[in-house]
Every structure is written in C-alpha cells, then in structure tokens.
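The values are calculated or read from the model by the stated rules, or taken from the named source; none is laboratory data. These figures come from a predicted structure and were not determined experimentally. Virtual Cβ from ideal backbone geometry, glycine too; neighbours counted across all protein chains shown. For the accessible areas, the whole protein counts, side chains as well, though only heavy atoms, and no ligand, DNA or RNA atoms are used. Shrake-Rupley method; radii C 1.70, N 1.55, O 1.52, S 1.80 Å.
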Amino acid sequence: MKVFPEDLLYSREHIWVRVDTDMATLGITDYAQSSLGDVTFVELPELGASLDAGSAFGVVESVKAASDIYMPASGEIVEVNGELADSPDLVNSDPYGKGWLVRVRLSDASSVAALL
C-alpha cells in the first residue's frame with residue numbers, strides 16, 4: 001500500500017510539496033521511489049538557482065533507471081538535503097521525512113493551487 005499524506009500537495013510528476021507561507025519543501029512520492037527501486041544517487045541544484053515550474057531541477061538514479069525531477073512551481077532553491085549525498089537511500093526509506101530533496105522560496109505562493 002502506497003502512502004500519500006493528506007497535508008501535502010502533489011504534482012503529476014510525483015513530486016510532493018509541503019507549503020509554509022512562501023516556502024516549500026519538495027520530495028518524491030512513495031509511489032515514485034517504489035517505482036524507481038533502490039536509489040543510488042541524487043543530483044540536486046545549487047543554492048540560489050531560480051527555476052521555473054516544469055523545469056528539471058535534478059536527477060534521481062536507481063538500479064533501474066535515471067529520472068529527471070521537475071519543479072512543481074517556480075522559485076529559488078534556498079536549501080538542498082545534503083544528507084542525500086552520502087545516503088541517497090533516504091529517498092526510499094523515508095520519502096516524506098529525511099528523504100526530502102530541496103527547499104524553495106516560491107516566486108508566487110498561489111502557484112501551488114494548481115497542484116493536486
């Protein structure tokens with residue numbers, strides 16, 4: 001059974017979003033990590049990068065495939081999860097907790113209204 005916490009928003013590309021005013025934490029869903037299999041590497045953007053909704057902001061590599069990760073809303077990267085460099089498996093073991101990917105300052109906080 002896949003887990004989908006109700007306090008989060010979701011993109012069609014299986015990115016979850018936890019919004020706190022104009023800030024958002026992003027990660028991949030339990031469904032996505034399960035489909036990927038064992039995650040072996042995560043590539044994330046540099047701090048300060050400004051990205052538009054729909055643009056790729058990183059890559060998740062697993063034993064099965066490499067997949068681009070897409071921004072669900074426009075914003076500036078203000079924090080990346082440094083733990084993933086040494087422990088990319090956190091994406092599998094705790095996708096909604098320690099396996100988060102980035103924190104973003106949203107360009108327009110209302111833009112997340114389009115998410116599921």
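A few notes on this one:
- Pairs with Cβ under 9 Å, 6+ apart, first in the stretch 67-90 and in contact (Cβ under 8 Å) with a residue 60 or more places away in the chain and on the phi < 0 side of the Ramachandran plot, second part of a loop (DSSP other than H, G, I, E, B) and of a type outside the set (Gly, Ala, Ser): Pro72/Arg12; Pro72/Glu13; Pro72/Leu115
- Of everything listed in (1) open to solvent by 80 Å² or more (accessible area, probe 1.4 Å); (2) closer than 18 Å to Leu106 by Cα, the single unmet condition for Glu83 is (2).
- Members of the stretch 104-116 found to be touching a residue at least 60 places away in the same chain (Cβ under 8 Å) and farther than 13 Å from Trp16 by Cβ, listed by number: Arg105, Leu106, Ala109
- Residue in the stretch 106-116 that is nearest to Leu8 (Cα to Cα), counting only those that are open to solvent by less than 40 Å² (accessible area, probe 1.4 Å) and not in a helix (DSSP H, G or I): Leu115
- Residue ranges of strands (runs of 3 or more DSSP E) in the stretch 1-88 with at least 1 members under 11 Å from Arg103 (Cα atoms): 15-20, 23-28, 75-80
- Cβ-Cβ under 6 Å pairs, at least 6 apart or on other chains, the stretch 41-54 side under 18 Å from Ser11 (Cβ atoms) and touching a residue at least 12 places away in the same chain (Cβ under 8 Å), far side assigned to a loop (DSSP other than H, G, I, E, B) and small (Gly, Ala, Ser): Asp52/Ser74; Ala53/Ala73; Ala53/Ser74
- In the stretch 40-52, residue most open to solvent (accessible area, probe 1.4 Å) [restricted to those that are closer than 21 Å to Ala73 by Cβ and of a type outside the set (A, V, I, L, M, F, W, C)]: Glu46
- Residues of the stretch 87-105 that turn out to be open to solvent by less than 60 Å² (accessible area, probe 1.4 Å), under 14 Å from the mean Cα position of the chain (by Cα) and over 16 Å from Ala32 (Cβ atoms), as a count: 1
- Among the residues making up the stretch 6-39, those that are surrounded by fewer than 16 Cβ atoms within 10 Å (Cβ to Cβ) and closer than 20 Å to Asp89 by Cβ are Tyr31, Ser34, Ser35, Gly37, Asp38.
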